[in-house]
Each structure stands twice: as structure tokens, then as C-alpha cells.
């Protein structure tokens, strides 16, 4: 993510933003420089957030130096992040790749044992369906539906956020038309998949998406 330029309610009556992320988990990597904008330096790190199934999502977070200058920040410490889901395109192996991060607007270290025992991964989005939904079936026979949500932000910009619906939500999402305004509650997740390159080698890749828990027009 070096030198990448990132600009810093229907389902929930407490939600007043079209794009909100609330994460709580463990720092997995050291801070690494991302980019500088208007004299302000930004860094990125990976954050681990456990699921009830035992799997751990590893999410990239971008944070300003001005939010962490007074925080003792190290691998293994427990933190809480409030921010937004952001996306940007990056050239990779001659192709454009969509990258997804959480842009931190607030960050704090967890101090009490009760806080440290709890992981949290909540995403709230209001946006517009910008591509035709793709319905498919998982290897275990569960119905899935992939959708792309365009979420507007300041300066006439938008984030294009891939989301995945399951079961009844997948059936519902599969019947929606492009341009439909949607409200979504879910979690941001990382998923490993295999890809074969031009030489026939099988490579491991990580995809990021919002797993939908609730969805409505």
C-alpha cells in the first residue's frame, strides 16, 4: 500500500453515517508507512479479529500519525478502531486489483480484561447496487450472492465495496436491480482462495469483502 492516496439509516436508529466500521481485536503487524497527504503521514497495519467459528479475519487498517502519537502501539496489543471501509485500485501483475482497507477515524488501546476478551467486527453501509448480482452455490450447497455496493463520500468520490449474502439474504439480493438503494449490516472478512497463474502454478490469494448479516432497501 506504499504511496497510495486515501482520503480520510434504516437498519439501526443509532447509525448516522453511510459508511461506518467498528472493529475490536489484536494488532498483528508493526506499523508500515503508507503515504503522505498535505503534510500528514499515514501508516497501515493488520488487525486480527476472531469469529465464533474460531477463524480469524486479518484486516488492513490505515491510520494517521496524529491518531497514534500518544498510544503504546505494538504487536499483540488489543485495540478498538472506528472508521470507514475504503477501496482503491492498484496495478498488480498487469491487472487492476481492488484493495479494501478500514480507514481509521478513531483508535484506542483496550485496557480492561473485559474489553480484551471481546472481538468486534461491525460494518454499516448505505449505498447503491452498481453491478448485476451474481448468484452461485458454495461447495457445501449453500446459496450465495455477490453484490457490489457503491457508497458515496466527500469530494464527489465513491467506494465500491464487494459484499456477499448467504441463504435467504442471497435469494433476496439476487433479485435486486442495479441502482437499488440498500442498507447493509455485516462484517468485513478476509478469505483465502487459490488461483492458477500463466505458468500453471497454483497461488494463494486473500480476498476481502463484507459478509452481509442484514440487508434491506
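Brief remarks follow.
- Listed peptides 120-132, 148-160 by packing density, highest first (mean Cβ within 10 Å): 120-132, 148-160
- Within region 130-150: backbone nitrogen closer than 18 Å to the residue 217 label point (7 Å, Cα to C-beta): 130-134, 147-150
- Within the chain, helix-based [θ] at 222 nm, where runs of 4 or more DSSP H residues each add -39,500 (n - 2.57), nearest 500: -1500 deg cm²/dmol
- Those residues of region 21-55 whose amide nitrogen sits under 19 Å from the label point placed on residue 69, 7 Å along Cα→Cβ: 31-44
- Over region 19-119, the hull volume per residue, using the convex hull of the C-alpha atoms, is 125 Å³.
- Computed extension length for residue 29-residue 98: 22.7 nm, one decimal, from 0.36 nm per residue of separation with the Cα-Cα distance subtracted.
- Listed by Cβ neighbour count within 10 Å, with the fewest neighbours leading, 73, 45 appear as 73, 45.
- With neighbour counts taken as other beta-carbon atoms within 10 Å, the residues 112, 18 rank, fewest first, as 112, 18.
- Rg/Rh (Cα only; Kirkwood hydrodynamic radius) as it applies to region 124-216: 1.03
- With the alpha-carbon atoms of region 99-157 aligned to their principal axes, the span from lowest to highest coordinate is 44, 42, 19 Å, starting with the largest.
Bear in mind these aren't lab numbers, they're just calculated from the coordinates by the rules spelled out. Small disclaimer: the values here were computed from a predicted structure and weren't measured. So basically every Cβ, Gly included, is an ideal-geometry build from the backbone, and we count neighbours across all protein chains shown.
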